[in-house]
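Undergrad: Below are the structure tokens for one structure; questions will follow.
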Amino acid sequence: MSVTVDEMQLEQSRACRYDSLALLDGPSSDDSVSTMAVYCGVDTSTVTSSGPAVFVVFQSDGSINKGGFSLSWTFVDRPATGTPATQPRASAGFWLGAGVKVGRRH
């Protein structure tokens, strides 16, 4: 699965301490799932997961409000050569995790 951060307007901070968007490589947020990318400020890019699911986690401290973010995604097949070829799949799913935290994170 290939996920693109099309637009991003979150609070900018060192190490994305206050507001962040994380894309995890799998269908959950448990410890066995690796983090593919963490965004804050106005970052945009595309990441590709190792399988058919990405877990999205948005966190905010609630103190400064910005415009938010916009994501788009496509499903990709990975040929034996390792080069992804875009192939839409109707049966695959997209997971959205509601990981909103209000209040200062420590």
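Undergrad: By counting other Cβ atoms within 10 Å of each Cβ, how are 40, 16 ranked from fewest to most?
TA: Fewest-to-most ranking of 40, 16: 16, 40.
Undergrad: So what are region 1-78's ellipsoid semi-axes, whole angstrom, largest first, if each one is the square root of 5 times an eigenvalue of the alpha-carbon gyration tensor? Kindly include the intermediate steps, with their values, before the conclusion.
TA: Numbers: eigenvalues 103, 40, 16 Å².
Result for region 1-78: semi-axes of 23, 14, 9 Å.
Undergrad: What order do you get for 35, 48 when you list them from fewest to most C-beta neighbours inside 10 Å?
TA: With the fewest neighbours first, 35, 48 line up as 35, 48.
Undergrad: Then there is this: Stretched out fully, how many nm does the piece from residue 4 to residue 32 gain, at 0.36 nm a residue minus the Cα gap?
TA: Working: separation 28, 0.36 × 28 = 10.08 nm, distance 2.30 nm.
Taking 0.36 nm per residue and subtracting the Cα distance, the gain is 7.8 nm.
No lab work stands behind these numbers, since they all come straight from the coordinates. Predicted model only: the values in this text are computed from it and were never measured. Note that we place each Cβ from the backbone using ideal geometry, even for glycine, and neighbour counts take in every protein chain shown.
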